[in-house]
1. Would you pick out the residues in region 45-75 that are touching a residue at least 12 places away in the same chain (Cβ under 8 Å) and closer than 29 Å to residue 125 by Cβ?
2. Name the residues in region 57-89 that are within 10 Å of the chain's Cα centre (by Cα) and either among the hydroxyl-bearing types (Ser, Thr, Tyr) or closer than 21 Å to residue 110 by Cβ (or both), would you?
3. What residue, among those in region 83-101 that are assigned to a loop (DSSP other than H, G, I, E, B) and of a type outside the set (Lys, Arg), is surrounded by the most Cβ atoms within 10 Å (Cβ to Cβ)?
4. If you go through region 24-75 one residue at a time, how many are surrounded by 13 or more Cβ atoms within 10 Å (Cβ to Cβ), part of a helix (DSSP H, G or I) and not β-branched (Val, Ile, Thr)?
5. Could you tell me whether region 106-128 includes any residue that is without any contact (Cβ under 8 Å) to a residue 40 or more places away in the chain, among the small types (Gly, Ala, Ser) and not in a helix (DSSP H, G or I)?
6. Do you know which of the residues in region 102-136 that are more than 17 Å from the chain's Cα centre (by Cα) and under 20 Å from residue 33 (Cα atoms) is surrounded by the most Cβ atoms within 10 Å (Cβ to Cβ)?
Amino acid sequence: MKRLSMPIVSVLVALAAGCGVGPHVDDYNESLVAAALAGCACGNIGYSSEEECREEAPPDAGEQACVEALFKNAEANYEAQLDCRTAVQNRLANCLNSKACTDLARLGCAGEALEDEADCPDLPNDINNELRQCLD
């Protein structure tokens, strides 16, 4: 019996995992959590404490599973959109983490993130709506 070479095995594993979308979705989920936690460091508005924010603000396991299922079941490939949004969330987290809570420049972090996300490739309206539902 002939053994499969490693590159062929890697391709087969990627295909079985949903056309390689998995890592992109995982990275996106992780970036959402990182950005939410970075916002909590200064007592995120709407929460009574940093601890409450850290417990409730980041997408929980169910919300992350919803995002994963959405993109795994999507008929098209949204890796470019996910990669761009991941980069935006990571820059937001880095921006927030680099500022003191009393630094007014923290306010600019969110504005920059919104502008950056507007430059990302668009998701179709139905996918975008489902993504919002996952994260609400």
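1. 57, 58, 59, 63, 64, 66, 67, 68, 70, 71, 72, 74
2. Of the residues in region 57-89, the ones within 10 Å of the chain's Cα centre (by Cα) are 59, 64, 67, 82-89.
The answer is 59, 67, 82, 83, 84, 85, 86, 87, 88, 89.
3. The selected residue is 98.
4. The number of residues fulfilling the criteria is 29.
5. Within region 106-128, none of the residues are without any contact (Cβ under 8 Å) to a residue 40 or more places away in the chain, among the small types (Gly, Ala, Ser) and not in a helix (DSSP H, G or I).
6. Restricting to residues being more than 17 Å from the chain's Cα centre (by Cα) and under 20 Å from residue 33 (Cα atoms), the top hit is 106.
The numbers here are math on the coordinates, done by the rules we state, and not lab data. Predicted, not measured: the structure shown is a model, and the values here were computed from it. FYI the Cβ positions are ideal-geometry reconstructions off the backbone, even for glycines, and counts take in every protein chain you see.
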